[in-house]
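Enquirer: For reference, the structure I am asking about is given below.
The values are calculated or read from the model by the stated rules, or taken from the named source; none is laboratory data. Just so you know, these numbers come straight off a predicted model, no measurement behind them. Every residue, glycine among them, receives a Cβ derived from its backbone with ideal geometry; neighbour counts consider all protein chains shown. Surface areas here come from the heavy atoms of the whole protein model, side chains and all, with no ligands, DNA or RNA. Shrake-Rupley method; radii C 1.70, N 1.55, O 1.52, S 1.80 Å.
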Amino acid sequence: MLKINRRTALATTAAAALVPGAARAQAWPNKPIRWVVPYTAGGLTDVTTRLTLEKMNVGQTFVVDNKPGANSLIGAEIVTNAAPDGYTFLTVIAAHAANKTLYAGKLKFDPVSGFAPVSLVGVAPLIICVTNGLPVKNVAELIAYAKANPGKLSFGSSGVGAAAHLTSELMKQVTGIDMVHVPYKGTAPALADLASGNIQLLIDAPIGVMTQVRAGKIRALAMLSKNRVPGVEEVPTIVEAGGPLIESSTWVMFLAPAGTPKEIVDKVSSEVSKAVKDEALRKRLAEQAVIPVGATPEETGKFLRSEIDKWEKVITTAGVKPDA
């Protein structure tokens with residue numbers, strides 16, 4: 001009898017050793033999951049994260065932890081150093097892709113290898129807005145005016161290296177126009193100066209500017225997208241407005257620490273994919289002019305690498321340097 005028990009115990013131990021990942025996945029999750037958002041509460045990143053998590057079901061609650069600062073580097077470093085056990089995740093936006101080049105040699109982590117891609121939740125194409133006093137009605141006229149007045153137009157941004165800044169630099173490179181960058185600490189002060197005419201142009205996410213556009217305080221010229229965007233259908237695409245095709249967006253992406261078990265990553269990614277098909281969520285995202293995606297981990301990783309390559313070229317060509 002004792003001999004049989006020993007064999008049974010050995011067989012059980014051997015079987016357990018063969019499936020450690022499966023055992024972990026079955027046990028996960030058994031406590032709340034921390035979700036780090038490296039921006040303040042109430043903005044595009046935070047709101048999109050919370051709306052999406054509300055529609056996801058993994059058997060435990062998600063606890064959103066806002067850790068703003070340093071162009072998202074503070075929150076990202078927290079997550080890359082966290083245990084890869086499926087209990088810590090991160091939301092990033094386009095700045096994450098730019099940071100690899102912008103802070104080359106200074107980062108304490110790698111924006112790609114330091115994380116496991118989970119899902120590209122959605123993209124928010126950016127919008128070109130101008131002050132009411134600028135004598136242009138569309139992008140074609142804006143380009144012509146800028147070329148006739150080199151260096152006399154100024155554009156604002158929410159900060160050096162932000163999507164608003166780099167997209168404006170991309171527009172300069174593609175169209176050959178010359179404008180002066182005026183960085184601000186956030187979109188709100190830049191928007192206030194645009195409305196008052198202290199700067200002439202601002203490219204940003206629709207959620208931050210459309211209230212002012214619809215109130216007639218500034219004018220929207222075009223969306224930087226191939227197609228019109230749900231939630232802001234009244235704004236033409238850049239091609240419709242007489243400009244060259246320039247596609248640029250901020251986006252919302254979910255990541256986990258590198259080494260997080262694949263079965264956990266796949267489970268969370270699958271939940272995101274299900275969530276963004278929910279009609280109520282799609283309606284809420286459209287209110288922010290966010291186009292839902294719900295990409296697989298593989299698609300998300302490929303997208304992130306392409307964005308890093310894209311912004312590396314822009315940053316290098318423009319000679320963009322981060323704030324000291």
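Enquirer: For the stretch 170-324, what % of the accessible area comes from carbon and sulfur atoms, probe 1.4 Å?
Expert: Working: 3720 of 7080 Å².
Roughly 52 percent of what the probe reaches on the stretch 170-324 is carbon or sulfur.
Enquirer: From Cα pairs below 8 angstrom and at least 6 apart in sequence, can you work out the relative contact order of the stretch 120-227, rounded to a whole percent? Walk me through the numbers on the way to the answer.
Expert: Numbers: 185 pairs, mean separation 47.3, N = 108.
Computed over the stretch 120-227, the figure is 44 percent.
Enquirer: While we're on this one: Sketch the reach of a paramagnetic label on Ala144 as a point 7 Å from Cα along Cα-to-Cβ, and name the residues of the stretch 207-249 whose backbone nitrogen lies under 20 Å away.
Expert: Counting only backbone N, you get 219-223, 236-246.
Enquirer: Can you work out the FRET efficiency for the pair Asp266 and Lys106, with r the C-beta to C-beta distance and R0 = 35 Å, to the nearest 0.05? Before the final figure, lay out each step's value.
Expert: Working: r = 33 Å, r/R0 = 0.95.
The value I calculate is 0.60.
Enquirer: Quick check on the stretch 211-324: take the gyration tensor over C-alpha atoms, sort the square-rooted eigenvalues as a ≥ b ≥ c, and tell me if it's rounded (a/c under 1.5), prolate or oblate. If you can, show how the numbers build up before the last one.
Expert: Numbers: a/c = 2.27, a/b = 1.28, b/c = 1.77.
Here the stretch 211-324 falls in the oblate category.
Enquirer: Sticking with this one: Per residue, how much accessible area does the chain show when a 1.4 Å probe rolls over the protein heavy atoms, in square angstrom?
Expert: About 45 Å² of surface per residue is accessible.
Enquirer: How many percent of DSSP beta bridges within the chain run antiparallel, rounded to 5?
Expert: So the antiparallel bridges in the chain amount to around 60 percent.
Enquirer: Can you tell me, using C-alpha contacts under 8 Å and at least 6 residues apart, the relative contact order of the chain as a whole percent?
Expert: Working: 632 pairs, mean separation 85.1, N = 324.
Normalised by residue count, the contact order of the chain is 26 percent.
Enquirer: Now, a different point. According to a simple spin-label model (label point 7 Å from Cα along Cα-to-Cβ), what is the distance in nm between Arg282 and Thr40?
Expert: 3.4
Enquirer: Moving on to the next point. At a Förster distance of 25 Å, what's the computed FRET efficiency of Lys137 paired with Asn198, Cβ-Cβ distance as r, to 0.05?
Expert: Numbers: r = 21 Å, r/R0 = 0.86.
The pair Lys137/Asn198 has a calculated efficiency of 0.70.
Enquirer: Another question, then. Keeping the other protein chains in place, figure out the carbon and sulfur percent of the accessible area of the stretch 43-106, with a 1.4 Å probe.
Expert: On the way: 1230 of 2410 Å².
Roughly 51 percent of what the probe reaches on the stretch 43-106 is carbon or sulfur.
Enquirer: Right, here's the next one. What dipole magnitude, in Debye to the nearest 20, does the stretch 204-320 give about its Cα centre under +1 on Lys/Arg Cβ and -1 on Asp/Glu Cβ?
Expert: Magnitude of the dipole: close to 220 debye.
Enquirer: I'd like the FRET efficiency for Lys31 and Lys185, computed as 1/(1 + (r/R0)^6) with the beta carbon distance as r and R0 of 35 Å, rounded to 0.05.
Expert: 0.40
Enquirer: Measure nothing but the geometry: give the 0 to 90° angle between the long axis through the Cα atoms of 139-148 and the longest principal axis through the Cα atoms of the chain, rounded to 10°.
Expert: Taking Cα atoms only, the helix is inclined about 60 degrees.
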